[in-house]
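**Q** Submitted below is the structure of interest, expressed as structure tokens.
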Amino acid sequence: MNRKWALRLLLAVTLLRVSSDPVSVSVRVGDFVTLPCDGSAYRGTPIEQLYIKWQTVDQDVCEFSGSRLYPGPGFENRTEFPLERIRQGDFSLTFQHTLFTDEEIYECLCEGDANQAVHLGKVDLTITGREESSSLSYGQPLTLRLYSRAAVTVWFNPAGAGASLPVCAVEGGTVTPDPAYGSRVSGQEQEVTLSALTFTDQGSYTVLDSQSRTISTVNVTVTAPDSRDSTGLVIGLVIVLLVLLVLGAAGCYWRRRRKREFHSVSSDPPTAEQNDMAELDRKEGSGHTESALSGQG
């Protein structure tokens, strides 16, 4: 018989179980919560000898043994059980990202020196729904967290309307969209996404559990495309236009300058040297012409 079953058997047959009313703790779904447990009676016990367990009626939440914490299914990467707190006799358990399905009565147990299970306390955890607002640009996707591993449905209440419309149902990781949404709805673990928002998607989205209890509500406002993107585009176009104007002006200036220089050179009276060269060219040209005519004769 392993240690876990021995602990459960001891719980059933010993009279060390202290009857007490559970401590009530309430937290909003998605937030972190700390379940209190007073283990001051074990303060000073070598931490390597401590065996502490948190459980519900039908689930192991975590076990602490040999200075290590072993989370139960569904609590992986969510639980915190600091060693320093345990050394001080505080066996409180903290876990993050609470789900609607975390609403349970939790028990804190410890195995004493005589290998006897001692009940240290109960915590009645209540999970409340959450409401938040989100402003998204036209065309952006909307992602809704489900905060539950159990079956849920998502409903949409259009802005200014009283009736809610089904968006999708989610069970066992499978998302079944309402025909009105078709391929716009997709999902992954504990999330659904509605793609390409339009102004008609503005309103409230509510996630309900199988008993029609509200898990979360998101009030969505759809705005025009992000003005920052438009501003950046306009600034970029203005810069390009200015560069083109500067280059064009510089080209015009260069052409006009060259033209003025050309006219300035052409309008200046020829020098004596230039006249002599021109006369020489004229005579040579005439001589070549006469030679050519004589040859033809």
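**Q** Give segment 196-209 a look and list any residue that's of a type outside the set (A, V, I, L, M) and within 13 Å of Ser137 (Cβ to Cβ), or say none.
**A** Thr198, Phe199, Asp201, Gln202
**Q** For segment 149-164, which positions are assigned to a loop (DSSP other than H, G, I, E, B), touching a strand residue (DSSP E or B) at 6+ places or on another chain (Cβ under 6 Å) and within 17 Å of Val207 (Cβ to Cβ)?
**A** Scanning segment 149-164 gives Ala151, Ser164.
Residues checked against (1) touching a Phe, Trp or Tyr at 6+ places or on another chain (Cβ under 7 Å); (2) exposed (fewer than 14 other Cβ atoms within 10 Å of the Cβ):
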position: Leu125; (1), (2): yes, no
position: Ser133; (1), (2): no, yes
position: Leu144; (1), (2): yes, no
position: Val152; (1), (2): no, no
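**Q** Considering every residue within segment 80-89, establish whether at least one is under 16 Å from Cys37 (Cα atoms), among the small types (Gly, Ala, Ser) and modelled with pLDDT of 95 or more.
**A** No, segment 80-89 contains no residue that is under 16 Å from Cys37 (Cα atoms), among the small types (Gly, Ala, Ser) and modelled with pLDDT of 95 or more.
**Q** When residues of segment 169-193 are filtered for being touching a Ser or Thr at 6+ places or on another chain (Cβ under 8 Å) and at positive phi, how many remain?
**A** 1
**Q** Would you confirm whether or not segment 91-103 contains a residue that is over 30 Å from Arg145 (Cβ atoms), modelled with pLDDT of 90 or more and either touching a Lys or Arg at 6+ places or on another chain (Cβ under 9 Å) or not β-branched (Val, Ile, Thr) (or both)?
**A** Scanning segment 91-103 turns up at least one residue that is over 30 Å from Arg145 (Cβ atoms), modelled with pLDDT of 90 or more and either touching a Lys or Arg at 6+ places or on another chain (Cβ under 9 Å) or not β-branched (Val, Ile, Thr) (or both).
**Q** Further, regarding this structure: Can you tell me which residues in segment 195-221 are assigned to a strand (DSSP E or B) and either farther than 18 Å from Glu131 by Cβ or of a type in the set (Gly, Ala, Ser) (or both)?
**A** Hits for segment 195-221 are Gly203, Ser204, Ser216.
**Q** Kindly state which strands (runs of 3 or more DSSP E) lie completely within segment 23-132 and contain at least 3 residues that are farther than 27 Å from Ile215 by Cβ.
**A** 51-55, 60-65, 68-71, 105-111, 117-128
**Q** Let me ask another. How many residues, within segment 170-182, are surrounded by fewer than 16 Cβ atoms within 10 Å (Cβ to Cβ) and under 21 Å from Val220 (Cα atoms)?
**A** Counting residues in segment 170-182 that are surrounded by fewer than 16 Cβ atoms within 10 Å (Cβ to Cβ) and under 21 Å from Val220 (Cα atoms) gives 2.
**Q** Identify the single condition in (1) part of a strand (DSSP E or B); (2) surrounded by fewer than 14 Cβ atoms within 10 Å (Cβ to Cβ) that Val167 does not satisfy, given that it satisfies every other one.
**A** (2)
The values are calculated or read from the model by the stated rules, or taken from the named source; none is laboratory data. What you are looking at is a predicted structure, and each value in this text was computed from that prediction instead of being measured. Here Cβ is always computed from backbone atoms with ideal geometry, including for glycine, and neighbour counts include all displayed protein chains.
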